[in-house]
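Read the structure below first, then the notes.
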Amino acid sequence: MPEPTDATVGEELKAAVGPLSELIEALPEDLGRQALTHPSWVDNRSTSYERLALLGDSVLGLAVASELFARFSEQDSGRLTKILNQSVSGSSCAEVGRALGVPEQLRESAPADTGAGIPVEVLIGAERPLPEITEALIGACFLAHGFEPTASAVAAAFGPQIEFAARTRVDFKSALQELLARRGARISYEVIGEAGPPHDRTFEVAAMLDGEQVGRGEGRSKKLAEQAAAEEAFERLGG
């Protein structure tokens, strides 16, 4: 079976988000508006999408974890954790958000004059708002429709992401480099330990960011240890 490509995932997402899109369309007006309101547009941050995003993040995690538990009975907890983290990562949420039409919805809901707030086009091009708004919409669906309908729709919407994560191993060094490049930061790797005879060596590597250790990994080669350290750093830094 050929490996899925980003284009394949995108095509599958357009079909997969249907049930979740229907729940979003059926949201009460006040919840829908709050899920699409940036905190810089309002005087009271509690009326923005932030609280809903906090809730939606937990609903998303539980919905996908439940799906993984049922679907991959042969996988151990470590592998399931990796699939989960990749499936619900910020980039995955952003892809689902684009398939749901979140950028267009944000444009429609933005106030005509944001005043001192961040312009909508800047938000759409920024790193964090899109995944956070996607989570906020999930949180709003949970409040309006309950967990079971929302979890079912979320599992379907993130299904292509789950399949992609289950079939592929992420190049975490490249993913981490891309994540940090958007923040103007650089990562370095240091060998902090070696053990075993020359023919059976194990390396321990630390991923360093501004002099601080943000990840650690072990492997039978320096490259494998760096990948393990990058994976831990990627998850810790919000990838």
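The values are calculated or read from the model by the stated rules, or taken from the named source; none is laboratory data. These numbers come from a predicted model, not from an experiment. We place every Cβ from the backbone using ideal geometry, glycine too, and count neighbours over all the protein chains shown. Calculation scope for accessible area: heavy atoms of the full protein, side chains included, ligands and nucleic acids excluded. Shrake-Rupley method; radii C 1.70, N 1.55, O 1.52, S 1.80 Å.
A few notes on this one:
- The listed residues are 164, 234, and the only one of them that is out of contact with any Pro (no Cβ under 6 Å at 6 or more places or on another chain), open to solvent by less than 60 Å² (accessible area, probe 1.4 Å) and touching a residue at least 12 places away in the same chain (Cβ under 8 Å) turns out to be 234.
- Scanning region 85-97 for residues that are touching a residue at least 60 places away in the same chain (Cβ under 8 Å) and either more than 13 Å from residue 154 (Cβ to Cβ) or surrounded by fewer than 23 Cβ atoms within 10 Å (Cβ to Cβ) (or both) turns up 85, 86, 89, 90, 91, 95.
- Residue match in region 40-47 (condition: farther than 25 Å from residue 162 by Cα, crowded, with 19+ Cβ neighbours inside 10 Å and either basic (Lys, Arg) or out of contact with any Phe, Trp or Tyr (no Cβ under 9 Å at 6 or more places or on another chain) (or both)): yes
- Test result for residue 68, open to solvent by less than 60 Å² (accessible area, probe 1.4 Å), within 16 Å of residue 162 (Cβ to Cβ), without any contact (Cβ under 8 Å) to a residue 60 or more places away in the chain and of a type outside the set (Gly, Ala, Ser): no
- Scanning region 167-219 for residues that are surrounded by fewer than 18 Cβ atoms within 10 Å (Cβ to Cβ), in a strand (DSSP E or B) and of a type in the set (Gly, Ala, Ser) turns up 188, 193, 195, 219.
- Taking the criterion of being on the phi > 0 side of the Ramachandran plot and β-branched (Val, Ile, Thr), no residue of region 81-127 qualifies.
- Residue match in region 176-186 (condition: in contact with a helix residue (DSSP H, G or I) (Cβ under 8 Å, 6 or more places away or on another chain) and more than 14 Å from residue 228 (Cα to Cα)): yes
- The single condition among (1) under 24 Å from residue 68 (Cβ atoms); (2) at pLDDT 95 or above that residue 144 does not meet is (1).
- Counting the residues of region 121-150 that are open to solvent by 30 Å² or more (accessible area, probe 1.4 Å) and in contact (Cβ under 8 Å) with a residue 24 or more places away in the chain gives 9.
- Residues in region 74-94 that are part of a helix (DSSP H, G or I) and in contact with a helix residue (DSSP H, G or I) (Cβ under 6 Å, 6 or more places away or on another chain): 80, 83, 84, 85, 86, 87, 90, 92, 93, 94.
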